[in-house]
There are 2 protein chains.
Amino acid sequence: MRYCSNCGQEVLRKVPEGDTLPRFVCGSCGTIHYQNPKMVVGTLPVFEDRILLARRAIEPRRGLWTLPAGFMENNETTGEAAIRETREEVCAEVELGMLFSLVNIAHISQVHMFYLAAMSAPTFAPGTESLEARLFAEDEIPWDDMAFRSSTLTLRHFLADRRRQAFSVHLEDLTAGSRH
Amino acid sequence: MRYCSNCGQEVLRKVPEGDTLPRFVCGSCGTIHYQNPKMVVGTLPVFEDRILLARRAIEPRRGLWTLPAGFMENNETTGEAAIRETREEVCAEVELGMLFSLVNIAHISQVHMFYLAAMSAPTFAPGTESLEARLFAEDEIPWDDMAFRSSTLTLRHFLADRRRQAFSVHLEDLTAGSRH
């Protein structure tokens, strides 16, 4: 951020009075421009015993597989975002189940959330940002070609919970160096 | 938003190519300025059988009571945000328990989240944004003087869950007209 979105003049980086962190502050109109983490919301769509994944048609991680998810929009709920992203990325209509995972990725200021989601029919297709959509049985999941750790983690928790038929919410914090 | 934060020229409101929603787009440098929901994170701090609330010293809802919570900052996790806000608003050190509530407030593009939190001693004080901090037993909670519905809802779920000694994650969607 270099210019004030309110008045177009240059911003400075400083700690506003009464605050504890540096912010972009307009030197002209005084507007304080707060910056906050973004939420990425998606689903783990299940048809019978298989899981629907999308192969990314866009960067980052073009060509790799992911659960359908994307940035939450203003004026929608987390549930609406999850349904919308599933529709956009894999053209599937799902019935949302429980909130299943919440993954903090603090070094990129993102929070990823996934809902379990049920498909009533194997109806899906790649959306405009996907190269391919496909249902995977547990032993077919392309672990070495997954795009994002939040998807991988969520899948692993799902498979473990399904094995013991006990599903709970999973919170995870990823760090820049961590591998899962 | 009226000016581009990247180059200082005027922005237009339009649907970028390949997108489905209108965004602020710079007419000069082409930067697309996405706007996304903000997360408000806090705790429900418990000492023995009592709950710690803060009375707000700032607008909105100055003078009313709330669970300690505030906007999540970049480069922190939801858990870190919850602990920090509790420290800032009621000067209390807590041990985080489970993620307990997630409240969508789509008409103001916010997601509120509360963790259960344990206090090992009744040590607290009003922070700079609070007039007062106080431990409340169940029958003392100032229901008519609560600042925000997300706090009220979270308290009600906690008391109900505590009565049956079975705690689960609660997801709620608030709408502009709804009352709780």
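All of the numbers you see were taken from the coordinates with simple rules; none came from a lab. Keep in mind that this is a model prediction, so the values were computed, not measured. For neighbour counting, all protein chains shown are included, and Cβ atoms are generated from backbone atoms with ideal geometry for every residue, glycine included.
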Helical mean residue ellipticity (222 nm; -39500 (n - 2.57) per DSSP H run of 4+; nearest 500) of chain B: -5000 deg cm²/dmol
Dipole of chain A, positive end: most advanced residue of A:H107, A:F47, A:A121 [Cβ charges, Cα centre]: A:H107
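Within a 10 angstrom radius of each residue's Cβ in B:110-116, how many Cβ atoms of other chains show up on average? Whole number is fine.
For this peptide, the per-residue mean of nearby foreign Cβ atoms is 2.
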Per-residue mean of C-beta atoms belonging to partner chains within 10 Å, peptide B:70-81: 6
Nonlocal amide H pairs with A:Y115, under 5 Å, H built at 1.01 Å: A:G42, A:T43, A:L44, A:F100
Debye intensity ratio I(q)/I(0), log10, the protein assembly as shown, q values 0.09, 0.14, 0.15 Å⁻¹ (C-alpha model): -0.57, -1.26, -1.36
Highest-MSF residue in chain B out of B:E89, B:E132, B:E140 [GNM, Cα springs under 10 Å]: B:E140
Burial order of peptide ranges A:58-66, A:151-159 (average beta-carbon count within 10 Å, highest first): A:151-159, A:58-66
Nearest 10 degrees, 0 to 90: helix A:78-90 Cα axis against chain A principal axis: 60 degrees
Electrostatic dipole magnitude of the protein assembly as shown [Cβ: Lys, Arg +1; Asp, Glu -1; Cα centre; debye, to 20]: 500 debye
For the range A:71-122 versus the range B:100-125, the gap between their alpha-carbon centres in whole angstrom: 22 Å
3J(HN,Hα) from dihedral phi, the range A:165-171, Karplus parametrisation 6.51/-1.76/1.60, rounded to Hz, x for glycine, proline: 6, 9, 9, 9, 6, 10, 9
Amide H partners (placed H, <5 Å) of A:F136, local residues excluded: A:I51, A:L52, A:L53
Residues with amide H under 5 Å from that of B:L64, placed H, sequence gap 5 or more: B:R56
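How many Cβ atoms of partner chains, on average, are near each residue of A:101-107 if near means within 10 Å of its Cβ?
4
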Residues of type lysines that A:K14 reaches as a straight line, Cα spacing below 23 Å, ignoring anything fewer than 8 places off in the same chain: A:K38, B:K38
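Any idea what the dipole of chain A comes to, in debye rounded to 20, about its Cα centre with Lys/Arg Cβ at +1 and Asp/Glu Cβ at -1?
Once rounded to the nearest 20, the dipole reads 540 debye.
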Spacing of the two label points (7 Å from each Cα toward its C-beta) at B:H33 and B:H107, in nm: 2.6 nm
Ranked list, fewest to most other Cβ atoms within 10 Å of each Cβ, for B:I51, B:I108: B:I108, B:I51
Phi to ³J(HN,Hα) by Karplus 6.51 cos²θ - 1.76 cosθ + 1.60 over the range B:142-154, Hz, x for Gly, Pro: x, 4, 7, 10, 8, 6, 9, 5, 5, 5, 4, 4, 5
Chain B: Cys lacking any partner C-beta under 4.7 angstrom: B:C91
³J(HN,Hα) computed for each position of the range B:106-122 - Karplus, 6.51 cos²θ - 1.76 cosθ + 1.60, integer Hz, glycine/proline x: 5, 5, 10, 6, 10, 10, 9, 10, 10, 9, 5, 8, 9, 9, 8, 8, x
Percent of C-alpha pairs per 5 Å bin, chain A, short to long: 1, 8, 15, 18, 17, 12, 8, 7, 6, 5, 2, 1, 0
